[in-house]
Structure formats: C-alpha cells, structure tokens
Amino acid sequence: MRIDLNADLGEESGDDAAIFPCISSANIACGAHAGGARAIDAALAQAAALGVTVGAHVGYDDRANFGRIAVDIDKQALTASITQQIERLMEHAARFGLTVQYVKPHGALYHRVGADPSQAAALVAATLTCDPALELLVPLSPVLLAEAEALRCRHEFFADRGYRLDGQLVARTDPRAHVDDVAAVVERTMLWLTTGEVRSVEGKSIRILADSICLHGDSAFAVETARELRRALEAAGYRIANWMAA
C-alpha cells in the first residue's frame, strides 16, 4: 500500500510551493527545456525541507517550444546535452545535501526515446556517465528497454492525461489530451490502482504497468488535483513515498 506521486517542477510555469507538499518525487527541470539556476535551487530547497526525492527532468534544449517538439539531433550531441543537464542538477543538489536519484526525460524527448534507438541510447549513455546507480523514469517501451539493460527502469501512470487504445498518450494537440476535471482524475487513478486499468479515449479499458503516478505541475487545476488525489490516496490507506523509500 505504497505509491509514488511525482510532478514536473522547477519549470517556472506553475505553483511549485503548493504542489511540493502533495508529492513524494520531484522531476526538476535542468535548465534546457525550462527553468534555470534560481528555479533549480528553489525546488531543491523545498525538496530538502519536505523529504521529497529528486530526479533530473531532462529535455531538448528548446525553450521556445518548451521541449515539446521532437528534435533531430545526433547521438553524441544529445548525450552531451543530457549529461550536462544531469550534472548541473547534481551540482546544485549537493549544496542542499541531496542526491539525484533518477532521470526522467521531458515532453517530446520522453516519447522519442521510446521509439528511437539512437536517442534512447543517448539517454542511457548520459545517465551511465553521470552515475550508474541512477534509475530511469521512462515509457514502457521495448526499444528503450533494449538500450537500458544496465539501468533500472521505472514507469508511470499519467493521472491527468488521456490514453489511446495502444497505451500511448493522446497528442497534446488533441482536445482529449488533458483530463481537467479533478474528480475524474481522482476516480480514474483509484480505478487504476485497484484494477491496473484505465479507460482509453476510445472507450475501452487498457492495462498500464507503472511504479509511480505523474501529475503535471503546469496544468490549470494542478494544485487542486494534487491535493485531492493525495487526500484520496491516503484515505484509501496508501502511503505516499518514492519507490526507493524504505
């Protein structure tokens, strides 16, 4: 009866201070797709104060598009970029007495590493370079898992995003991409916890294997959703804790 609740933070696009008390893991933007030194330090200070596990939220160096558009980049350049992002967060984290525990790709990179062997290999190579003990929070993809045999991979259930019948997330350009009703987010999450299934936008149930629940900190109802979901989870007897917690 333990479940991790993670959120993408440090992106300077939401109310991080209100969300932090609700979660157990923070995916902190490393300054490429969003954020910067001040945002990183603010997020790390809250993580340290609240005992929240820290992960590196790495993405394409494309702030204009918030890292949400796929970029064609060679393996060597992408490896260098991701390595730099992880190392940057590690340096900041050390000042707060924290250790970065995992790496999660952001936006378009998240989806690309699940389908592109070269970009998946770049993510893995960068992670191994920084610390082989780091885990990956990534899509459940044969392509990525084939590249990441040397790393422990974890997966997540997206509480506030629509799923297609094939188990992939609905594109953000589709009006069904977001679940903006707080009660609906709570209901579908509790259903997934008890059955392992969620209803796709096509109206059929699909199975999702995951170790963590993800909330997006930049959505319009992010704070209310985080609070209500945590309240429901605790009422059902769940302890909110990172998957690595004792």
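Just give me the residues in region 81-102 being assigned to a helix (DSSP H, G or I), out of contact with any His (no Cβ under 9 Å at 6 or more places or on another chain) and surrounded by 16 or more Cβ atoms within 10 Å (Cβ to Cβ), in sequence order. Within region 81-102, Ser81, Ile82, Thr83, Gln84, Ile86, Glu87, Arg88, Met90, His92, Ala93 qualify. Condition check for Thr127 on (1) in contact (Cβ under 8 Å) with a residue 24 or more places away in the chain; (2) surrounded by fewer than 19 Cβ atoms within 10 Å (Cβ to Cβ); (3) part of a helix (DSSP H, G or I): one failure, at (2). The residues of region 169-180 that are open to solvent by less than 90 Å² (accessible area, probe 1.4 Å), among the charged types (D, E, K, R) and more than 19 Å from Ile69 (Cβ to Cβ) amount to a single one, Asp180. Has region 227-238 got at least one residue that is closer than 30 Å to Asn65 by Cβ and not charged (D, E, K, R)? Within region 227-238 (the criterion being closer than 30 Å to Asn65 by Cβ and not charged (D, E, K, R)), the answer is yes, since at least one residue qualifies.
Got at least one residue in region 72-80 being under 30 Å from Leu191 (Cβ atoms), at pLDDT 95 or above and open to solvent by less than 50 Å² (accessible area, probe 1.4 Å)? No - not one qualifying residue is present in region 72-80.
How many residues does region 198-231 hold that are over 25 Å from Ile28 (Cα atoms) and either part of a loop (DSSP other than H, G, I, E, B) or open to solvent by less than 70 Å² (accessible area, probe 1.4 Å) (or both)? Walk me through how you get there before you give the answer.
So in region 198-231, the residues over 25 Å from Ile28 (Cα atoms) come out as 198-207.
From what is left, the residues that are either part of a loop (DSSP other than H, G, I, E, B) or open to solvent by less than 70 Å² (accessible area, probe 1.4 Å) (or both) are 198, 200-206.
Adding up the residues that qualify gives 8.
The residue that is farthest from Asn242 (Cα to Cα), counting only those in region 10-61 that are among the acidic types (Asp, Glu) and buried (at least 19 other Cβ atoms within 10 Å of the Cβ), is Glu11.
Given the structure, is Ile40 in contact with a Phe, Trp or Tyr (Cβ under 9 Å, 6 or more places away or on another chain) and among the β-branched types (Val, Ile, Thr)? First the steps, then the outcome.
On the way: in contact with a Phe, Trp or Tyr (Cβ under 9 Å, 6 or more places away or on another chain): no; among the β-branched types (Val, Ile, Thr): yes.
So Ile40 fails the test.
Mind listing just one residue for me: the one in region 146-168 that is open to solvent by 20 Å² or more (accessible area, probe 1.4 Å) and in contact with a strand residue (DSSP E or B) (Cβ under 6 Å, 6 or more places away or on another chain) and, of those, nearest to Ala120 (Cα to Cα)? Looking at the filtered set, the residue picked out is Cys153.
Scanning region 174-182 turns up no residue that is farther than 18 Å from Ala220 by Cβ, out of contact with any Gly (no Cβ under 9 Å at 6 or more places or on another chain) and in contact (Cβ under 8 Å) with a residue 12 or more places away in the chain.
The values are calculated or read from the model by the stated rules, or taken from the named source; none is laboratory data. Here the structure is a predicted model, which is why all the values come from computation and not from measurement. With ideal geometry, Cβ positions are generated from the backbone for all residues, glycine too; neighbour counts draw on all protein chains shown. Heads up: the accessible areas ignore ligands, DNA and RNA and are worked out on the full protein's heavy atoms, side chains in. Shrake-Rupley method; radii C 1.70, N 1.55, O 1.52, S 1.80 Å.
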